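Trainee: Dropping a structure here in structure tokens format, bear with me for questions.
Nothing in this text is a laboratory measurement; each read-out follows from the coordinates by a stated rule. Since this is a predicted model, take the numbers as computed values, not measurements. Using ideal geometry, Cβ is built from the backbone for each residue, glycine included, and neighbour counts are taken over all protein chains shown.
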Amino acid sequence: MYQLRIRILAQQEADEIFDYYGNINSTLALMFLEVLYAQLDVISENPELFQLKYKSTRVRYLRKFPFGIYYRIVDESFIEILSIIHTSRNPEIWKKRKD
């Protein structure tokens, strides 16, 4: 099992998504977190399972929510979570951002 390093930007994105859904319905916000954490667990257990999008960047799309988790395998023990992006946005947006 790999350890996850979550970029500050990715954490901020997750917080914003949680707040957005929380303003609609607190149950929906909690459901988002459950789905997000479950997929982060799956990524840490089997990171090569998901689609290679760019040179070394992979994406895992969330079920029930229109977001993708962009990540890269750093080495044999670490995965870096780069960004959590809505599927309607340009997926290359994370490349231009800095933590």
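Trainee: From the phi angles alone, apply the Karplus equation (6.51, -1.76, 1.60; θ = phi - 60°) to the stretch 71-86 and give each ³J(HN,Hα) in whole Hz, x where the residue is Gly or Pro.
Mentor: 8, 9, 7, 7, 7, 5, 10, 10, 10, 9, 7, 8, 6, 10, 10, 4
Trainee: Take every Cα-Cα pair in the chain and report what % of them are more than 22 Å apart.
Mentor: 24 percent
Trainee: Here's another thing I want to ask about it. Check VAL74: other-chain or 5+ apart residues with amide H under 5 Å from its amide H, H built from backbone geometry?
Mentor: Hits under the 5 Å cutoff: ILE79, GLU80.
Trainee: Still on this structure, please answer the following. Residue by residue, what Karplus-based ³J(HN,Hα) values in Hz, rounded to whole numbers, does the stretch 34-51 have, using 6.51, -1.76 and 1.60 with θ = phi - 60° and x for Gly and Pro?
Mentor: Values per residue, Gly and Pro as x: 4, 5, 4, 5, 4, 6, 5, 5, 5, 4, 5, 7, 8, x, 7, 5, 9, 4 Hz.
Trainee: Among all stretches of the chain without exposed trypsin sites (Lys or Arg not before Pro) (DSSP loop, at most 16 other Cβ atoms within 10 Å), which one is longest? Display every interim value, and only then the final one.
Mentor: Details: sites that count: LYS53, LYS55, ARG63, LYS64, ARG89, ARG97, LYS98.
That would be 1-52.
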